[in-house]
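The values are calculated or read from the model by the stated rules, or taken from the named source; none is laboratory data. In this text, all values refer to a predicted model and were calculated from it rather than measured experimentally. Here Cβ is always computed from backbone atoms with ideal geometry, including for glycine, and neighbour counts include all displayed protein chains. Accessible surface is based on the protein model in full, side chains and every heavy atom, while ligands, DNA and RNA are left aside. Shrake-Rupley method; radii C 1.70, N 1.55, O 1.52, S 1.80 Å.
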Amino acid sequence: MMTKNKLTLFILVCLLFQNIALSQKSNVLLYEQSTSKNQIGIGINRFINSLFPSDNNSFLLEYRYTKKENLHYRAGANYNYTSGDDTNLNLGLKVGIDKTFLQSNNWFFYYGMDIGGSYNFYKRTEKHIGDVFIAPFLGIMYKFNKNFSVSTEPNIYYKTNFIIDNGTFETDNKKVWGQSGLGKIGYLQLNFHF
């Protein structure tokens, strides 16, 4: 299994350096020029768990729509349902906006903000867990060609978390607290543009 992970990493690095070495454009643009309006992304850690970190602030599937040359609308979603004795429902949704401020060859730099939330229900313990968040971020994307790219979007987030525990005998079965930190550090996303 480790050999497969090393081979995949080697191929990704070769693709990256091939495009850098063959690139002959040296001009820097202040906005993104692209013919594709849509982008779908998934975290690389979904394919190679041992090499890339997972992050609680990431979403399973992310979509990005180009409204103008340098303005993008974004959405992300999570869904997981497990039935049986340990019935569990996990839902997540985020929306956001970002703006490209610099393009240099195949490199794109952008900033933006996401807002969203998640909800988990555990039937066995009758526990509801969720959060709402806001996360400004700085994004860096490298386009291998017109259809594929890799990106990272480290962010600073603030979350309000809640737990409603109907499976407890305590009278105060609801808890709410705030949380902040750095998210998606070292998290890479593979994107398809169309």
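Scanning segment 85-116 for residues that are hydrophobic (A, V, I, L, M, F, W, C) and either open to solvent by less than 20 Å² (accessible area, probe 1.4 Å) or touching a Cys at 6+ places or on another chain (Cβ under 7 Å) (or both) returns a single hit, 108.
Output the residue which, of all residues in segment 115-126 that are assigned to a strand (DSSP E or B) and in contact with a Gly (Cβ under 6 Å, 6 or more places away or on another chain), is farthest from residue 152 (Cα to Cα). My answer is 119.
Here is a check on your reading of the model: is residue 68 basic (Lys, Arg), crowded, with 17+ Cβ neighbours inside 10 Å and within 23 Å of residue 40 (Cβ to Cβ)? Against the criterion (basic (Lys, Arg), crowded, with 17+ Cβ neighbours inside 10 Å and within 23 Å of residue 40 (Cβ to Cβ)), residue 68 does not qualify. Can you confirm whether residue 115 is within 23 Å of residue 45 (Cα to Cα) and free of Cβ contacts under 8 Å to residues at least 24 places away in the same chain? Yes: the conditions hold for residue 115.
Looking at segment 131-151, which of the residues that are assigned to a strand (DSSP E or B) and either more than 18 Å from the chain's Cα centre (by Cα) or among the charged types (D, E, K, R) (or both) is nearest to residue 82 (Cα to Cα)? In this case the residue turns out to be 131. For segment 170-194, which positions are within 29 Å of residue 126 (Cβ to Cβ) and not small (Gly, Ala, Ser)? Matches in segment 170-194: 170, 171, 172, 173, 174, 175, 176, 177, 179. Evaluate the following for residue 192: is it part of a strand (DSSP E or B), surrounded by fewer than 16 Cβ atoms within 10 Å (Cβ to Cβ) and not small (Gly, Ala, Ser)? Considered against the rule, which asks whether it is part of a strand (DSSP E or B), surrounded by fewer than 16 Cβ atoms within 10 Å (Cβ to Cβ) and not small (Gly, Ala, Ser), residue 192 comes out as yes.
Flag: residue 145 matches the condition of being over 21 Å from residue 91 (Cβ atoms), open to solvent by 60 Å² or more (accessible area, probe 1.4 Å) and polar (S, T, N, Q). In segment 72-100, the residues that are touching a residue at least 60 places away in the same chain (Cβ under 8 Å) reach residues that are surrounded by 12 or more Cβ atoms within 10 Å (Cβ to Cβ) with C-beta atoms within less than 6 angstrom, at least six apart or across chains, in these pairs: 100/31; 100/32; 100/70; 100/108; 100/110.
May I ask you to list the residues in segment 52-99 that are small (Gly, Ala, Ser) and closer than 21 Å to residue 184 by Cβ?
Across segment 52-99, the qualifying residues are 54, 58, 75, 76, 77, 92, 96.
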